[in-house]
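Remarks on the structure that follows.
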Amino acid sequence: MMSTWDRSKGSFLAVIAAPALWIVLFFVVPLSVIWAYSFGRTLGLTEVAVTGTLANYARVFDPVYLMIFGKSLVFAGLTTAVCLLVGFPYALAMTFASDRGKILLLLGIMLPFWTNLLVRTYALMAVMRTEGYINDVFGLVGLGPFEMLHTNFAVIVGLVYVHLPFIVLPLYSTLDRMDRSLIEASLDLGAGHITTMLKVVIPIAKPGILSAIMLTFIPALGSYLTPDLLGGPDSQMIASVIERQFKRANDWPFGAALSFMLMYLTLLAMGLRALYERRQSGARTAGEA
């Protein structure tokens with residue numbers, strides 16, 4: 001008897017053909033072109049010769065660019081850590097809230113996310129500038145004004161504001177499916193709330209936490225608009241350097257090499273996460289055996 005796959009293969013191919021063609025034409029092909037450019041050199045204003053050279057990748061290891069890569073990793077790491085510290089309690093509150101409370105909390109985290117990123121960034125600039133609302137409040141109590149805009153602090157605040165939904169929603173999805181009887185059993189057996197959180201809730205939510213960290217860290221690492229508008233000369237991240245190579249310096253091969261170094265770092269992080277999950281799955285299988 002023919003399997004379901006054999007009977008529906010034609011229908012499946014008909015459905016998948018259009019999105020597959022779209023991905024190939026508008027993702028795989030352009031990405032392949034940029035990848036090829038990373039092994040080339042600029043001949044003129046618009047011409048790039050793909051020669052197979054590794055000189056562009058060698059330039060990436062210049063101390064100046066390594067410092068910018070390191071700063072980008074630090075900014076992305078701090079953003080992810082702050083988002084996790086803020087987002088985990090928020091997701092936990094959503095989990096145990098009433099149905100009406102869940103809707104209100106979800107709207108609270110999603111409404112800014114539905115607003116254009118440029119509008120949100122300019123709103124933060126209005127709030128954090130020297131004549132902004134925060135300094136107005138400090139002025140009422142005789143403090144300030146404080147210089148917040150165009151600093152590393154402003155960049156971290158902006159990145160957290162932009163990426164907070166990326167960490168709250170996966171955490172809420174994981175926590176909402178949690179068996180709450182385990183929490184009740186832990187409390188009934190004498191464990192305190194903090195112990196229950198550390199020994200029961202966090203281990204159960206670990207897969208969601210890892211997914212949320214990845215979903216936050218990767219976009220934060222490649223952020224361009226937020227650090228460009230909120231940061232100063234010492235706050236530039238690697239995306240700003242890539243933009244300059246393509247638009248101002250007209251050095252597409254080096255810009256392509258920087259772009260793919262960023263992609264290689266992303267793939268490395270995803271590979272390490274997959275390896276960790278495989279080892280955890282193997283350990284659970286061995287424990288059950």
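The values are calculated or read from the model by the stated rules, or taken from the named source; none is laboratory data. All values reported here derive from a predicted model rather than from experimental measurement. Positions of Cβ are backbone-derived with ideal geometry, glycine not excepted, and every protein chain shown enters the neighbour counts. These area figures cover heavy atoms from the full protein model, side chains too; ligands, DNA and RNA do not enter into them. Shrake-Rupley method; radii C 1.70, N 1.55, O 1.52, S 1.80 Å.
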Query - Solvent exposure of the chain as accessible area per residue, Å², 1.4 Å probe - result: 60 Å²
Query raised in the report: If we sort 167-176, 36-45 on the protection proxy, mean other Cβ atoms within 10 Å, highest first, what's the order?
Result: 167-176, 36-45
Query raised in the report: For region 73-197, treating each Cα as an identical point scatterer without solvent, what Debye log10 I(q)/I(0) comes out at q = 0.16, 0.17, 0.23 1/Å?
Result: -0.92, -0.98, -1.28
Query raised in the report: What percent do you get for the relative contact order of region 127-202 when only Cα pairs under 8 Å and 6+ apart count?
Result: 17 percent
Query raised in the report: With contacts defined as alpha carbon pairs under 8 Å and 6 or more residues apart, what's the relative contact order of region 1-91 in percent?
Result: 13 percent
Query raised in the report: What relative contact order, as a whole-number percentage, does the chain give when Cα pairs under 8 Å and 6 or more residues apart are counted?
Result: 25 percent
Query raised in the report: Could you list log10 I(q)/I(0) for region 233-277 at q = 0.22, 0.29 Å⁻¹, which the Debye formula gives when each Cα is one point scatterer?
Result: -0.73, -0.94
Query - Rg in Å to one decimal, and Dmax rounded to a whole Å, for region 170-253 via C-alpha atoms - result: 21.4, 66
**Report entry** Of 223, 150, 209, farthest towards positive along the dipole that unit charges on Lys, Arg, Asp, Glu beta carbons give region 143-246
**Finding:** 209
Query - Net charge dipole size for the chain [Lys, Arg +1 and Asp, Glu -1 on Cβ; Debye, nearest 20] - result: 560 debye
**Report entry** For region 105-179, convex hull volume per residue from C-alpha positions, Å³
**Finding:** 121 Å³
Query raised in the report: Tell me, what ³J(HN,Hα) does each residue in region 185-200 have, in order and in whole Hz, if you take phi through Karplus 6.51 cos²θ - 1.76 cosθ + 1.60 with θ = phi - 60° and put x for Gly and Pro?
Result: 5, 4, 5, 5, 7, x, 6, x, 5, 5, 4, 4, 5, 6, 9, 10
Query raised in the report: Using the scaling law 2.2 N^0.38 Å as the reference, what is the normalised Cα Rg of the chain?
Result: 1.26
Report summary line: Quick calc, region 180-289, dipole around Cα centre from Cβ unit charges on Lys, Arg (+) and Asp, Glu (-), nearest 20 debye, gives 220 debye
Query - Debye equation applied to the C-alpha atoms of region 27-69, log10 I(q)/I(0) at 0.14, 0.19, 0.23, 0.34 Å⁻¹ - result: -0.41, -0.68, -0.85, -1.02
Report summary line: Here the Cα Rg-to-2.2 N^0.38 Å ratio for region 1-144 is 1.76
**Report entry** Listed peptides 215-221, 269-275 by packing density, highest first (mean Cβ within 10 Å)
**Finding:** 215-221, 269-275
